[in-house]
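Data first, discussion second: the structure below is written as structure tokens.
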Amino acid sequence: MSIDTAPTVSATALDATSGAATRHDILHRLLMTLGPILAALVIAGCILLAVGVDPLAYYGYVLEKGLFSPLGIQQTLTRMAPLLFLAAGLIVAFRAGMWNLGGDGQFLLGAVTAAASAPVFIQIMPSWLALICSFLIAMVVAMIWSLVPALLRAYQGVNEIITTLMMTFLGTSLANVLVKLVFRDPGTTVPQTRTLPVEDRLPRLFETTITSGLLLGLAAIIIVHLVMTRTAFGLKLRIVGANPRAAVHSGLGVPGLTIAVFAISAGLAGLAGAVDIIGVQGNVRADWNPAYGLAVIPAVFLARMNGFAAIGFVFLLSVLSIGGESAARRLGVPNHFTLVLVSIVLIVLALAEYFDHRYSQSRRA
Amino acid sequence: MSSLSSSSVAERDIVALEGVTKRFPGIVANDGIDLAIRPGEVHVLLGENGAGKSTLIGMLSGLQQPDEGRILVDGKPTPITSPRHALSLGIGTVFQHMMLVPTLTVAENLLLGGPWWQRPRIDELAARVAEITSTLGITVKLHAKVSELSLGEQQQVEILRAMVRNSRLLILDESTSMLTPKGIDELGALMRRLVEQGLAIVFITHKLKEAAAFGDRISVLKLGRKVGEIPPERFRALGEQEIISEIVELMFGKQKDDPEAVERPVRTVRADAAPLLQVADLAVAPTDNAPGLSSISFDIRPGEILGIAGIDGNGQKQLAEALAGQRAATGGSVRLDGVAIETLSVGERRQRGLRYLTDDRLGEGTVGTFPVSINFFLKQVGAAPFWRNGIEQRAEIDRRAAQLVRDYDVRTPSLKTPVARLSGGNIQKVLLARELAEGAKVVIFNKPTYGLDLANTLASRQRIRDTAARGLAVLLISTDLEELLSMCDRIAVIANGALVGTVGNADDARTKVGRLMIGLAA
């Protein structure tokens with residue numbers, strides 16, 4: 001009996017949004033999310049104090065650069081574009097109970113194929129069509145890259161956490177090899193792909209430096225959210241995620257759905273790579289790996305796979321990473337302190353979740 | 001009564017439970033259980049699946065903590081905090097599933113768990129094992145690999161392991177479920193010798209014959225409660241048949257004046273009607289933890305209820321799953337209304353009117369965290385009118401769900417309530433509504449009243465009768481013989497994955513089915 005109830009409990013945590021959300025529940029959720037974040041800021045502040053940095057100055061710089069300066073906020077919003085695509089891909093996978101942790105490999109392969117194809121297409125077709133073709137190629141390549149873990153999971157039951165992680169190492173290496181050996185721009189000495197001219201990239205929004213990729217990202221994550229919550233296809237994926245045995249019992253084609261989940265998730269990661277290259281970077285340098293894929297996972301978890309909440313957390317993550325880089329430079333803190341901060345948030349959040357669960361258990365008993 | 005007697009002679013108990021209660025979300029697994037475990041006694045814990053036996057063992061072996069009540073060891077209240085602590089108190093457990101490392105030898109398995117800084121003392125162990133085995137009259141090959149041993153031998157190793165660790169109380173959890181009849185007899189003899197040496201044994205089983213044959217004292221659990229106890233004095237005074245009938249009375253309530261025993265309505269099944277479901281030579285390969293099926297054949301005509309009787313775990317679930325398409329068959333044919341369906345998928349079989357009402361209501365029948373309304377349509381996701389072009393039509397779903405809630409009398413706070421929060425009876429009503437709604441031709445009910453209270457049991461049985469009366473073919477799988485006798489037209493008996501006989505439900509059906517169940521010809 002105890003074994004039977006275990007998956008139900010964890011499923012509650014993952015699929016909390018599908019039930020009826022009363023006002024009390026929402027308040028509780030907000031408290032359970034914001035409280036730990038504040039606590040984490042305090043703990044991170046203590047660490048900063050311990051290494052001799054004024055935490056208020058650090059947070060001040062983060063906010064100033066990431067949020068309040070005109071240039072900073074534009075960078076922050078631009079950074080959001082690929083992160084939103086990645087978050088959308090993770091929402092699909094996590095809600096279906098599949099842990100696609102191979103986002104970085106899929107992202108980079110998408111980025112490299114987009115970077116390699118866009119300058120070629122732009123010479124033979126109108127630029128809007130060229131960009132669409134590059135997006136599609138990036139998406140398809142990332143989908144193909146996810147096929148190995150997808151088939152293994154669907155037909156052999158091999159744990160996808162391990163296979164996707166292994167494929168991400170192979171994927172990042174392959175992307176590098178492609179840049180250095182196949183798609184290398186002969187016109188430069190540094191190993192990088194040919195650069196897409198600025199005027200051919202995705203247009204910027206109004207008179208700012210914000211990329212229009214932001215709108216694409218927002219559209220992607222909202223569409224994903226609506227598909228997962230309002231359509232039959234989304235419901236099928238959620239059934240597979242919440243109770244795989246019920247999915248079999250109900251006659252759903254679980255292997256086919258599994259492959260579809262991996263394809264969608266990886267395809268969105270590939271689009272994330274493409275939107276970063278075609279919208280912002282213009283080319284891929286060798287050894288470039290921003291590791292967005294892993295950074296987004298906490299944001300998606302904090303949002304509990306809810307698309308709208310994920311937009312908020314991705315914004316927060318962008319502020320932290322843009323502002324954190326600047327604050328780190330000015331105060332002499334290592335650049336990776338942003339990651340330390342995010343991981344403290346996660347740990348505190350997990351603890352809060354644990355104690356909240358214990359509390360509600362004891363109250364029920 | 002037991003709490004009184006146990007307090008007066010508490011000093012004799014190795015372990016005593018007082019009012020122990022354990023809850024899990026949605027269920028009370030153990031409810032105020034008193035139990036006295038004494039040296040020199042085989043204490044049988046008897047109950048059906050889900051009666052709370054495993055939870056009780058979990059608490060005795062330190063895996064779980066009681067929510068209420070206390071556990072006394074040697075008369076002193078002692079919280080058993082971990083399996084290691086249980087071992088140090090002299091409580092050894094042999095679990096249902098083997099807990100030996102198959103690639104290691106017997107000796108290595110016995111030495112596992114020793115202090116890591118010491119070299120394993122094989123010689124010392126061999127001497128100790130020789131001492132124990134000689135008094136028990138068993139032989140154990142210390143240097144054989146566990147994977148080469150039979151299941152019975154592996155069990156002896158597990159018992160030996162508990163003995164090497166100086167256990168005073170040995171818990172055997174469903175230990176006979178994997179054994180051959182000969183292995184079961186050997187285990188019974190071994191238990192007898194162990195208690196003669198002054199050990200206490202708790203023997204968990206759901207088989208009545210074993211309880212009567214091996215026990216000194218029997219406690220019967222039902223739905224988490226202890227419903228009765230047969231003390232040793234009384235046990236010795238009764239013959240085996242009397243004990244069994246007394247246990248049956250404890251487990252299934254009164255045999256006479258039974259409110260469940262409704263007079264079987266006389267249905268007229270037209271003998272000349274073409275069968276709706278025809279199964280011929282159906283076979284399923286056995287898996288590691290489930291028996292296979294071999295040459296299963298039967299027909300069910302419209303309006304007929306065919307019962308499948310048998311002791312739990314003899315292939316009932318495999319049969320239901322093979323018919324529903326959830327389990328691959330290795331041979332045979334299944335025809336629904338004359339059309340072969342054995343190669344079709346689960347969804348296609350449902351489309352043609354085959355419905356399977358699973359016994360695992362929360363495990364596979366529903367998605368516990370999803371609202372009641374969605375669970376009604378779990379097997380129709382994407383179908384009109386509830387989805388149009390793949391888009392959920394919430395109003396349509398809620399309208400139809402509200403209607404089903406009314407028609408099937410589902411007691412739920414709202415349509416949005418997660419289905420796992422409902423009681424077992426109401427979850428079953430959700431499943432009934434889902435499977436019996438329009439389009440059904442053949443319905444497979446697997447243990448439809450298992451775990452339900454009386455009112456819901458009666459309501460479910462009436463639904464099944466109504467289903468047959470509508471002209472559907474019904475396959476009713478149940479471990480409750482009374483239920484089958486009160487409802488079926490014919491009863492087939494399943495044993496070890498094969499149908500060993502079919503009898504018409506006439507006056508002598510009870511004895512005939514009983515004889516088939518224990519392996520005699522009807």
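No value in this document is a laboratory result; all are computed from the given coordinates. As the structure is a computational prediction, the values presented were derived from the model and not from experiment. Every residue, glycine among them, receives a Cβ derived from its backbone with ideal geometry; neighbour counts consider all protein chains shown.
Details
- For chain A, relative contact order (Cα pairs under 8 Å, six or more residues apart, normalised by length) works out to 33 percent.
- For segment B:422-481, trypsin sites (Lys or Arg not before Pro) are listed when DSSP marks them as loop and at most 15 other Cβ atoms sit within 10 Å of their Cβ; the list is B:ARG470.
- Restricting the calculation to Cα atoms, segment B:370-435 yields a radius of gyration followed by a Dmax of 11.2, 35 Å.
- Proximal lysines relative to B:LYS145, as straight alpha-carbon distance under 19 Å, when same-chain residues fewer than 8 apart are discounted: none
- Calculated log₁₀ intensity ratio I(q)/I(0) where the Debye formula runs over C-alpha points of segment B:426-514, q = 0.17 Å⁻¹: -0.76
- Distance in nm between pseudo-label sites at A:ILE162 and B:ASP360 (7 Å out along the Cβ direction from Cα): 2.4
- A Stokes-Einstein calculation at 10 °C with viscosity 1.306 mPa s, built on the Kirkwood radius of chain A over Cα pairs, returns a diffusion coefficient of 74 µm²/s.
- Each other residue within a Cβ distance under 13 Å of B:ILE71 adds +1 if Lys or Arg and -1 if Asp or Glu, for a net charge of -3.
- Rounded to 0.05, the FRET efficiency of the A:LEU63 and A:GLU199 pair, given R0 = 30 Å and the Cβ-Cβ distance, is 0.35.
- Of A:PRO126, A:PRO298, A:PRO149, the one that fluctuates the most in a GNM where chain A has Cα springs shorter than 10 Å: A:PRO126
- Our note on the geometry: Cα centres of segment B:333-377 and segment B:458-522, 22 Å apart.
- Amide H within-cut-off set for B:GLY69, under 5 Å, with H built and near neighbours excluded: B:THR21
- Value of relative contact order over segment B:104-190, rounded to a whole percent, pairs C-alpha under 8 Å and six or more apart: 32
- Contour excess over end-to-end distance, with Cα ends at A:SER362 and A:MET32 and 0.36 nm allotted per residue: 117.0 nm
- Peptide B:343-353, shielding by other chains (average Cβ, 10 Å cutoff): 2
- Spatially, segment B:306-331 and segment A:307-333 are offset by 57 Å when compared through their Cα centroids.
- Largest to smallest principal axis extent of the C-alpha atoms in chain B, angstrom: 72, 51, 48
- Model label points for B:ASP272 and B:SER134, set 7 angstrom from Cα along the Cα-to-Cβ axis, are 8.0 nm apart.
- Proximal aspartates and glutamates relative to B:LYS512, as straight alpha-carbon distance under 18 Å, when same-chain residues fewer than 8 apart are discounted: B:ASP480, B:GLU482, B:GLU483, B:ASP489
- Counted by Cβ distance under 13 Å from B:LEU100, the other residues give a net charge of -2, where Lys and Arg count +1 and Asp and Glu count -1.
- For the protein assembly as shown, calculated [θ]222 nm from helices alone, where every DSSP H run of n ≥ 4 adds -39500 (n - 2.57): -16000 deg cm²/dmol
- Among B:GLY75, B:ALA309, B:ALA213 - extreme Cα towards positive end, dipole of chain B, charges at beta-carbon: B:ALA309
- Long-range tail of P(r) for segment A:187-327 (Cα pairs > 26 Å, %): 39
- Cα→Cβ-extended label distance, 7 Å offset, between A:ASP25 and A:LEU346, nm: 2.7
- Per DSSP, loop trypsin sites (Lys or Arg not before Pro) in segment B:114-155 with at most 12 further Cβ within 10 Å: B:ARG121
- About the centre of its Cα atoms, chain A shows a dipole size close to 480 debye [charges on the beta carbon of Lys, Arg (+1) and Asp, Glu (-1) only; nearest 20 debye].
- Here, segment A:176-239 has an Rg and a Dmax of 19.2, 53 Å when only alpha carbons are counted.
- Distance histogram for segment A:287-365 (every C-alpha pair counted, 10 angstrom bins, percent rounded to whole numbers): 16, 39, 29, 12, 4, 0
- Subtracting the Cα-Cα distance of B:ALA283 and B:SER423 from 0.36 nm times their residue separation leaves 46.8 nm of extension gain.
- Given their separation in residues at 0.36 nm each and the Cα-Cα distance between them, B:ALA506 and B:THR21 gain 170.2 nm when the chain is fully extended.
- Euclidean distance of C-alpha centroids, segment B:426-455 and segment A:180-217, integer Å: 61
- Inter-chain shielding of A:234-240 (mean C-beta neighbours from other protein chains, 10 Å cut-off): 4
- Within a Gaussian network of chain A (alpha carbon springs, distance under 10 Å), most fluctuating of A:THR168, A:THR208, A:THR195: A:THR208
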